[in-house]
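The structure appears right after this line, and notes come after that.
The values are calculated or read from the model by the stated rules, or taken from the named source; none is laboratory data. Quick caveat, the model's predicted, so the values are computed rather than measured. In this analysis, Cβ positions are derived from the backbone assuming ideal geometry, glycine residues included, and neighbour counts consider all displayed protein chains.
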Amino acid sequence: MWKTATSGFGNTHRARVFWRRLTWNPLTLRVGKPLPTWKAQPWRPISTVVLTFNGVTGLMVNVPSAFHSLVGDILAKKSGTFALLWTVDKSGVVKCGLRSRRDYSCIALAESMGGGGHAQACGFKMPRDRLLEMLGGTLTAV
């Protein structure tokens, strides 16, 4: 599925143009609203979801890992705390990336799930059976 989602971006210039258009358009990345799709690209629109992670509210979206930094920065700015970006790999493991702005450190969230990284860019992995909990809008470390 992700090969399909990113197949039109073989050229890095096209990727930059696509994401620049998203960031310049004030109608994009609204909570619960689909993102616009690239012309003639066979991928589904994605929408952001409000997530409460260990009592902290942020925004979450399913997006290919190639775009975690770009989309994460936009969503972290909108949320004021963090953005959680997730994908499911071929083996069924859910890979989550966390992004935040300078005024918030998301490392404690990642470490609570057994992950790690840097204060504004970190991540963790979790089993697929926790995905429904997360999609429901809450995620608590076990």
Single condition Gly97 does not satisfy, out of (1) of a type in the set (Gly, Ala, Ser); (2) surrounded by fewer than 22 Cβ atoms within 10 Å (Cβ to Cβ); (3) within 13 Å of the chain's Cα centre (by Cα): (2)
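Quick grid of which residues meet (1) at pLDDT below 90; (2) under 22 Å from Phe124 (Cα atoms); (3) in a strand (DSSP E or B):
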position	(1), (2), (3)
Ser7	yes, no, no
Ala40	yes, no, no
Arg44	yes, no, no
Thr87	no, yes, yes
Lys90	yes, yes, no
Tyr104	no, yes, no
Test: residue in the range 129-137 that is among the charged types (D, E, K, R), buried (at least 16 other Cβ atoms within 10 Å of the Cβ) and closer than 18 Å to Gly55 by Cα: no
Residue in the range 108-116 that is crowded, with 18+ Cβ neighbours inside 10 Å, in a loop (DSSP other than H, G, I, E, B) and either at pLDDT 95 or above or in contact with a Leu (Cβ under 6 Å, 6 or more places away or on another chain) (or both) present: yes
Exclusive hit being more than 15 Å from the chain's Cα centre (by Cα) and in contact (Cβ under 8 Å) with a residue 60 or more places away in the chain, set Ala141, Ala119: Ala141
Candidate set from the range 45-70 (those that are farther than 18 Å from Met113 by Cβ and touching a Leu at 6+ places or on another chain (Cβ under 6 Å)); member that is surrounded by the fewest Cβ atoms within 10 Å (Cβ to Cβ): Pro45
